[in-house]
Amino acid sequence: MPPDASLILVLNSGSSSLKFAVQDTAQRTPLLSGLAERLGNTQSTINFKDAQGKRTEPLPGGDHAAALDAVLAELAGRSWLGALAAVGHRVVHGAERFTSSALITPTVIADIEACNELAPLHNPPALVGIRIALARLPDIPHVAVLDTAFHQTMAPEAYLYAVPMALYREHGVRRYGFHGTSHRFVALEAVAQLGLDSADHGLVTAHLGNGASATAVQDGRSVDTSMGLTPLEGLVMGTRSGDIDAGAVLHLMRTAGYDTVGMDALLNKQSGLLGLSELSNDCRELEAAAAAGHAGAKLALEVFAHRLARYIGGLAMSLRRLDAVVFTGGIGENSPLVRAMTVARLRPLGLVLDEAANERFIRGADGVITTAGSTPCAAVIATNEEWMIARDTAELAHRGPTPSKAH
Ligand code: AMP
């Protein structure tokens, strides 16, 4: 049973989904979590997961408001509503307006709204979630935790594209980076678990899920990252291409009839592991197919590992020193194969895989997967974005509003 007013509700509002978690910040595992899906559709459902198990309920025609009402009814049923201290909202894009998480005020909402153009698929639904939650829970603090904020410490040489500076000044065209909450969490964990100096360390963190990015973290600060203006840049992802010559994009638009809508779908939805394998965007499925001899699946995994290793090597050059490479996300935490293929390619950096350890650390088990003498080392650390959001939320809710606009 949670103690008085110690619970944080974490909300991640997508275009047709609402993901939630109820966290007691004193513990890493949420007390309750779940997902409302296909919102706005007759097929919409909501599921609730706790230590006792998982149950799914229909939410016919339910929108975000109906989903949040279902969550709040569940909390009321457990007599947890009175224990709710604050709400933490995941927001994808904060551009240069947010260098850290922020207590939500009308100014903060306007600032998030001002970033809508940079994340048209992500920020508007987050604002829908924020507005509904503010209306339903007006008496407790709400906090925005932004995916881009952690990367605001990058220097101009890391975040600028070599295009006319007017595009940066007038259109905000620069690299922002994403997955910041995950990179921040695993970097903090790596320092603790590997016994590193919190004021003197160098890490490359690789968040490998359906979306994938790698970040160079120097002394707790992001100094470089693989994603750019949008989450399309960088690594090979489930359905995103990652890096591609902009000239190839122009070539296809000139010669193959793609317009911006078609090109957007091509690069974001039809590329990556799916496009390469011509089979699936799902790493687990590709591993099974590759083992059964599927050439496309094997090739997709090879390109994924090659690109990743090349990025890790490149990002290491943004650091003073490389202490560790950290794998996280669905693939990073669960695929010994992808980790082995990647670490094998990192031999020039001095990494040597401990095969037994690599097989052992899966499904949330953290540990070092390189041999004892290997410097730098490689480690698997399970990410926990919900807990990180809850921790920021609890901290800001406790501290109260900051007088200046500096977020
Ligand atoms: P995420 O977006 O972090 O949930 O990660 C999703 C990705 O993790 C998908 O490509 C899954 O196939 C992959 N994944 C999850 N479990 C495994 C596993 N046991 N082996 C390989 N890939 C996995």
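Please treat every number below as a calculation from the coordinates, not as lab data. Being a predicted model, the structure only gives us computed values, none of them experimental. Note that each Cβ is placed from the backbone with ideal geometry, even for glycine, and that neighbours are counted across all protein chains shown.
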### Task
Show the residues, 5+ positions off or on another chain, whose built amide H is closer than 5 Å to the amide H of Leu32.
Val22
### Burial ranking of peptide ranges 357-366, 168-177, 337-346 (average Cβ count within 10 Å, highest at the top)
337-346, 168-177, 357-366
### Cα radius of gyration and Dmax for region 1-134 (Å)
15.1, 43
#### Entry: For region 27-97, alpha-carbon Rg over 2.2 N^0.38 Å
1.26
## Note on the structure
Rounded to the nearest 5, the percent of antiparallel DSSP beta bridges in the chain equals 70 percent
### Task
Only helical DSSP H runs with n ≥ 4 go in: add -39500 (n - 2.57) per run for the chain, normalise by residue count and round the 222 nm mean residue ellipticity to 500 deg cm²/dmol.
-11500 deg cm²/dmol
### Task
Would you compute, for the Cα atoms of the chain, the largest minus smallest coordinate along each principal axis and list the three values in descending order, in whole Å?
55, 53, 47
### Query
Along the charge dipole of the chain, which of Ile46, Ala214, Gly400 sits closest to the positive end, that is, farthest toward it, with unit charges on the beta carbon of Lys, Arg, Asp and Glu (+1, +1, -1, -1)?
Ala214
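So what is the relative contact order of the chain, in percent, for Cα pairs below 8 Å that sit 6 or more residues apart? Mind showing how you got there, number by number?
Details: 865 pairs, mean separation 61.7, N = 407.
With pairs under 8 Å counted, the relative contact order is 15 percent.
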### Query
trypsin sites (Lys or Arg not before Pro), restricted to region 65-137: which are DSSP loop and have at most 11 other Cβ atoms within 10 Å?
none
### Query
In debye to the nearest 20, how big a dipole does region 212-309 give about its Cα centre with +1 on each Lys and Arg Cβ and -1 on each Asp and Glu Cβ?
60 debye
### Message
Using only the alpha-carbon atoms of region 115-205 as identical scatterers, what base-10 log of I(q)/I(0) does the Debye formula give at q = 0.11, 0.25 Å⁻¹?
### Response
-0.50, -1.23
### Query
Using the membrane-span-like helix rule (whole DSSP H runs, Cα extent along the own axis of at least 30 Å, mean Kyte-Doolittle hydropathy at least -0.5), which helices of the chain qualify?
295-316
### Message
Students often forget the sequence filter, so: which aspartates and glutamates lie under 19 Å Cα-Cα from Lys49 once same-chain residues fewer than 8 apart are removed?
### Response
Asp24, Glu37, Glu57, Asp69, Glu74, Glu385, Glu386
### Relative contact order (%) - region 268-347, alpha-carbon pairs under 8 angstrom, separation at least six
25 percent
### Query
Cα gyration tensor of region 69-125, axes a ≥ b ≥ c as square roots of the eigenvalues: rounded (a/c below 1.5), prolate (a/b > b/c) or oblate?
prolate
